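Shown next, in structure tokens, is the structure this report addresses.
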Amino acid sequence: DKRHLFRMGGEFESFSAGNKRLNVEYKGFNICLLICYDLRFPVWSRNINNEYDLLIYVANWPASRAKVWNTLLPARAIENMSFVCGVNRIGTDGNGLTYSGDSKMIDAKGQEISSIKLNQTQAETVYLSKMELNHFRKKFPVWKDADRFELL
């Protein structure tokens, strides 16, 4: 349910914006699933009361904006005290835009746990410790002081 439609790509002409975040439970982890452009909007991903442990963004983020992608992924991890996984495409689309991948996993402190080589199709298994995440959240409970936002 993509909340933020990519104006520059004309998504608003064919799609309507979503209004619900999808959170799923899998193997003891609560996972929030978001799409591409939503990465730019921190209020949409706000992790109130640690409702999720892992935030996954699936994206078509062009190579020309790789610096932004690589900056915002750790920012979302730090501000939400959660793991963040950014899965981005590679190749060239029908409009001539190039995508380099830059897929990666970030921990709650903003540190890169894993990354896929640029322009590579690759699968990787990454082990995440919910126990370590909970320990960090307990030791450094900044989430208790977070602002609550309401979306219209």
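The values are calculated or read from the model by the stated rules, or taken from the named source; none is laboratory data. As the structure is a prediction and not an experimental result, all values here were calculated from the model. Please note: Cβ atoms are built from the backbone with ideal geometry, for glycine as well, and neighbour counts cover all protein chains shown. Please note that ligands, DNA and RNA were not included when accessible areas were found on the heavy atoms of the full protein model with its side chains. Shrake-Rupley method; radii C 1.70, N 1.55, O 1.52, S 1.80 Å.
Return the residue satisfying two criteria in turn: it lies in region 61-91 and is among the hydroxyl-bearing types (Ser, Thr, Tyr) and open to solvent by 10 Å² or more (accessible area, probe 1.4 Å), and of such residues it is farthest from residue 135 (Cα to Cα). Within region 61-91, the match that is farthest from residue 135 (Cα to Cα) is 64.
If the condition is being closer than 16 Å to residue 128 by Cα and open to solvent by 20 Å² or more (accessible area, probe 1.4 Å), then region 51-60 contributes only 56.
If the condition is being at pLDDT 95 or above and either closer than 16 Å to residue 89 by Cβ or surrounded by 11 or more Cβ atoms within 10 Å (Cβ to Cβ) (or both), then region 116-139 contributes 128, 129, 130, 132, 133, 134, 135, 136, 137. Within region 90-117, residues that are under 12 Å from residue 64 (Cβ atoms) reach partners that are surrounded by 15 or more Cβ atoms within 10 Å (Cβ to Cβ) and of a type in the set (D, E, K, R) with beta carbons closer than 6 Å, at six or more positions or on different chains, in the pairs 99/89. Of the residues that sit in region 47-101 and are of a type in the set (Asp, Glu) and in contact with a strand residue (DSSP E or B) (Cβ under 9 Å, 6 or more places away or on another chain), which one is modelled with the highest pLDDT? Only one residue fits best here, namely 53.
Of all residues in region 92-111, those satisfying the criterion of being open to solvent by 20 Å² or more (accessible area, probe 1.4 Å) and farther than 25 Å from residue 29 by Cα are 92, 93, 94, 95, 96, 97, 98. Say whether the condition of being modelled with pLDDT of 95 or more, within 24 Å of residue 129 (Cβ to Cβ) and open to solvent by 40 Å² or more (accessible area, probe 1.4 Å) is met by at least one residue in region 29-36. Yes: one or more hits.
Report the residue count in region 99-125 for those that are among the hydroxyl-bearing types (Ser, Thr, Tyr) and farther than 22 Å from residue 82 by Cα. Result for region 99-125: 3. Each residue in region 7-41 was checked for being aromatic (Phe, Trp, Tyr) and within 16 Å of the chain's Cα centre (by Cα), and 3 of them qualify.
Residue-level analysis places residue 44 outside the set of residues that are closer than 22 Å to residue 98 by Cβ, touching a residue at least 40 places away in the same chain (Cβ under 8 Å) and over 10 Å from the mean Cα position of the chain (by Cα). Within region 127-137, the residues that satisfy the criterion of being free of Cβ contacts under 8 Å to residues at least 24 places away in the same chain and not aromatic (Phe, Trp, Tyr) are 129, 131, 132, 134, 135. Checking each residue in region 102-127 for being farther than 25 Å from residue 43 by Cα and either in a loop (DSSP other than H, G, I, E, B) or of a type in the set (A, V, I, L, M) (or both) picks out 116, 117, 118, 119, 120, 121, 122, 123, 124, 125, 126, 127.
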